[in-house]
Every structure is written in C-alpha cells, then in structure tokens.
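Scroll down for the structure; my scribbles are underneath it.
The values are calculated or read from the model by the stated rules, or taken from the named source; none is laboratory data. None of these values were measured; they are calculated from a predicted model. Backbone-built Cβ (ideal geometry, glycine too); neighbour counts: all protein chains shown.
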C-alpha cells in the first residue's frame with residue numbers, strides 16, 4: 001500500500017514565510033471535527049444525513065481519511081487567524097482613539 005500524505009501551504013502578506021499545515025498524528029477518520037452539523041442541531045435531535053462512510057483500508061481510503069484531518073486542521077488554523085485579525089483590528093481602533101483622538105466612526 002502506498003502512503004499518501006497531503007499537506008497544505010498557507011501564504012499571506014503578513015506572513016514572512018510559508019506556513020505548512022499537515023494532517024497531524026492519526027488515527028485519521030472521515031468523521032471530521034469541523035465539518036459536522038452544529039452541536040445546537042444535534043442537541044435539538046437533528047441528524048447528520050450527509051455523514052460520510054468510514055474510510056477503507058486501501059491507499060485511497062486512507063488518503064480520504066487524511067484529507068478529512070487536513071481539512072479540520074485548515075479550518076482550525078484559519079479560524080485562529082480570523083480571531084487574531086479581529087483582535088488586531090480592535091487594538092488598532094483603540095490605539096487610534098487613544099493616541100490620535102480619532103473617533104471610532106471615522107474609518108478609512
């Protein structure tokens with residue numbers, strides 16, 4: 001069996017280097033953490049009708065499971081980037097108000 005392991009590379013203007021996102025340590029499954037229906041829907045009795053089947057033990061089946069792990073890791077990374085960007089925007093607004101006396105409504 002051939003071992004296929006995907007990676008993703010992230011580039012952005014505020015990154016000096018490329019950021020590599022991997023699948024992480026196993027076990028890998030097709031049951032993604034970030035691609036399921038929401039906990040609110042599950043608690044209300046909803047069911048995930050689009051839930052994928054388990055991965056087979058073939059090379060392609062294992063690749064499929066690793067791709068699900070990679071998608072989870074990408075989603076987690078991008079969510080953290082968005083949180084960081086939002087925090088930076090808030091700090092920039094606060095700095096402008098305190099340092100420059102600029103009103104919050106006066107945006108570029």
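Taking the range 38-47 as the search range and keeping residues that are at pLDDT below 85 and outside any loop (DSSP other than H, G, I, E, B), which one is nearest to residue 78 (Cα to Cα)? That would be 39.
Taking the options 16, 30, 35, name whichever one is at pLDDT below 85 and surrounded by 12 or more Cβ atoms within 10 Å (Cβ to Cβ).
35
Residue check: is residue 50 at pLDDT below 90, surrounded by 14 or more Cβ atoms within 10 Å (Cβ to Cβ) and either out of contact with any strand residue (DSSP E or B) (no Cβ under 7 Å at 6 or more places or on another chain) or closer than 22 Å to residue 2 by Cα (or both)? No, not satisfied. Of the residues making up the range 1-11, those that are touching a residue at least 12 places away in the same chain (Cβ under 8 Å), loosely packed, with under 10 Cβ neighbours inside 10 Å and part of a loop (DSSP other than H, G, I, E, B) are 1, 2, 3. Scanning the range 53-62 for residues that are loosely packed, with under 13 Cβ neighbours inside 10 Å and part of a loop (DSSP other than H, G, I, E, B) returns 53, 54, 56, 57, 58.
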